[in-house]
Amino acid sequence: MARIGFIGLGAMGSGMAAVLARAGHRVAAHDLDPAAVAAAVAKGCEAAGSVAQACNGADAVITMLPTGAHARAVHAGAGGVFESAPAGAVLADCSTIAVDDARWLHDEAGRRGHLFVDAPVSGGVAAAAAGTLAFMVGGSDTAFAQAGQVLEPMAKAVFHAGGAGAGQAAKICNNMLLAVSMIGTCEAFVLAEQLGLEPKAFFDIAAQSS
């Protein structure tokens, strides 16, 4: 059983923290919203009143935050993860942020003697709650091996995409692929309707052919 600091209990993070607690880990959960912390406690986590408290004695610290600016502030700000996490802890940022932000976090973590991975996810809220996310991880082999032990309970798959920022690179390319596919699907249905096809009929045809 690992002691895990979990920071960021939004739509994704709340489910992820609950899965880790359900797997038997001791999860110290922190969020700016007290209601989110209370919900995490109801699902087996411990309440942490600050980032520093969440990091106290942690074997791993996981962050799931809205933007790169939030990730930078939570890690590098006063009382943040870099200041508060034990030297041996692995840090995993699961936020979806810019590659440059991820690489900056890697550099700062390394400068301060921490193992760090960028580990964005795919699968959505339902997969977060079910523990069936796909993790795309960037970082050293050592950091990946250590982070994998705490990511596994939340995952159906954990991929080592490469070095610093590679997880975010994989995520943005995966999102691009999905978006292009969705746009093409929508355009095909518009064209089908313009050519006189009934949408349900075309859906059934596409589902069994394309």
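The values are calculated or read from the model by the stated rules, or taken from the named source; none is laboratory data. Keep in mind the model is a prediction, meaning the values are calculated, not measured. Cβ placement follows ideal geometry from the backbone for every residue including glycine, while neighbour counts extend to all protein chains displayed. Areas reflect the complete protein model, heavy atoms only, side chains present, ligands, DNA and RNA absent. Shrake-Rupley method; radii C 1.70, N 1.55, O 1.52, S 1.80 Å.
Pull out all pairs, ordered by first then second residue, where Cβ-Cβ is under 6 Å, the residues are six or more apart or on different chains, the first lies in the stretch 69-94 and is at pLDDT 95 or above, and the second is of a type outside the set (A, V, I, L, M, F, W, C) and open to solvent by 40 Å² or more (accessible area, probe 1.4 Å).
Pairs that qualify, where the first residue is at pLDDT 95 or above and the partner is of a type outside the set (A, V, I, L, M, F, W, C) and open to solvent by 40 Å² or more (accessible area, probe 1.4 Å), are PHE82/ARG112; ALA89/ASP59; VAL90/GLN146.
Could you list all residues from the stretch 151-210 that are in a loop (DSSP other than H, G, I, E, B) and surrounded by 13 or more Cβ atoms within 10 Å (Cβ to Cβ)? If you could, list the steps in order and put the result at the bottom.
Taking the stretch 151-210 first, the residues in a loop (DSSP other than H, G, I, E, B) are 163-165, 195-198, 209-210.
Listed by number, the residues that qualify are GLY163, ALA164, GLY165, LEU197.
Here are PRO153, PRO120: which of them is closer than 22 Å to LEU65 by Cβ, touching a Lys or Arg at 6+ places or on another chain (Cβ under 7 Å) and either modelled with pLDDT of 95 or more or of a type outside the set (D, E, K, R) (or both)? Before the answer, list the steps.
Working: PRO153 fails: touching a Lys or Arg at 6+ places or on another chain (Cβ under 7 Å).
Answer to the selection: PRO120.
Residue by residue through the stretch 149-185, note down the ones that are closer than 26 Å to ARG3 by Cβ and without any contact (Cβ under 8 Å) to a residue 12 or more places away in the chain. Please lay out each step first, then the result.
Filtering the stretch 149-185 for residues closer than 26 Å to ARG3 by Cβ gives 149-160, 164, 167.
Result: GLU152, single match.
Restricting the stretch 1-21 to residues that are in a strand (DSSP E or B) and in contact with a helix residue (DSSP H, G or I) (Cβ under 9 Å, 6 or more places away or on another chain), which is farthest from GLY77 (Cα to Cα)? Break it down stepwise before answering.
The initial filter retains those residues of the stretch 1-21 that are in a strand (DSSP E or B), namely 3-7.
Going one step further and asking which of them are in contact with a helix residue (DSSP H, G or I) (Cβ under 9 Å, 6 or more places away or on another chain), we end up with 4-7.
Details: ILE4: 20, GLY5: 17, PHE6: 17, ILE7: 14 Å.
Per the stated criteria, the residue is ILE4.
Please count how many residues of the stretch 110-129 are farther than 17 Å from LEU151 by Cβ and either aliphatic (A, V, I, L, M) or assigned to a loop (DSSP other than H, G, I, E, B) (or both).
4
Looking only at the stretch 49-63, which residues are open to solvent by less than 30 Å² (accessible area, probe 1.4 Å), of a type outside the set (Ser, Thr, Tyr) and either touching a Pro at 6+ places or on another chain (Cβ under 9 Å) or not in a helix (DSSP H, G or I) (or both)? Give the steps one after another, and end with the answer.
At the first step, the residues of the stretch 49-63 found to be open to solvent by less than 30 Å² (accessible area, probe 1.4 Å) are 51, 54-55, 58, 60-63.
Retained after the next criterion (residues that are of a type outside the set (Ser, Thr, Tyr)): 51, 54-55, 58, 60-62.
Result: CYS55, ALA58, ALA60, VAL61, ILE62.
Name the residue, out of ALA129, ALA109, that is open to solvent by 10 Å² or more (accessible area, probe 1.4 Å) and of a type outside the set (D, E, K, R).
Details: ALA109 fails: open to solvent by 10 Å² or more (accessible area, probe 1.4 Å).
Residue meeting the stated conditions: ALA129.
Working only within the stretch 130-150, note down all residues that are part of a helix (DSSP H, G or I), under 12 Å from ALA164 (Cα atoms) and over 15 Å from the mean Cα position of the chain (by Cα). Even if it seems obvious, please write down each step before you answer.
First, pick out the residues of the stretch 130-150 that are part of a helix (DSSP H, G or I): 130, 141-150.
From the residues that got through so far, the ones that are under 12 Å from ALA164 (Cα atoms) too are 141, 143-144.
Within the stretch 130-150, ASP141, ALA143 meet the criteria.
Note down all Cβ pairs under 7 Å where the first residue falls in the stretch 114-139 and is free of Cβ contacts under 8 Å to residues at least 12 places away in the same chain, the second is of a type outside the set (S, T, N, Q), and they're at least six residues apart or on different chains.
Short answer, once both residue conditions are applied: none.
Within the stretch 76-106, track down each residue that is charged (D, E, K, R) and either open to solvent by less than 10 Å² (accessible area, probe 1.4 Å) or under 20 Å from HIS30 (Cβ atoms) (or both). Break it down stepwise before answering.
Residues of the stretch 76-106 that are charged (D, E, K, R), as a first pass: 83, 93, 100-101, 103.
Matches in the stretch 76-106: GLU83, ASP93.
Limited to the stretch 12-35, what total is found for residues that are surrounded by fewer than 19 Cβ atoms within 10 Å (Cβ to Cβ) and either aliphatic (A, V, I, L, M) or at pLDDT below 95 (or both)? Please lay out each step first, then the result.
We begin by selecting, within the stretch 12-35, every residue surrounded by fewer than 19 Cβ atoms within 10 Å (Cβ to Cβ); these are 22-24, 26, 32-35.
From what's left, either aliphatic (A, V, I, L, M) or at pLDDT below 95 (or both): 23, 32, 35.
Summing the residues that are surrounded by fewer than 19 Cβ atoms within 10 Å (Cβ to Cβ) and either aliphatic (A, V, I, L, M) or at pLDDT below 95 (or both) in the stretch 12-35 gives 3.
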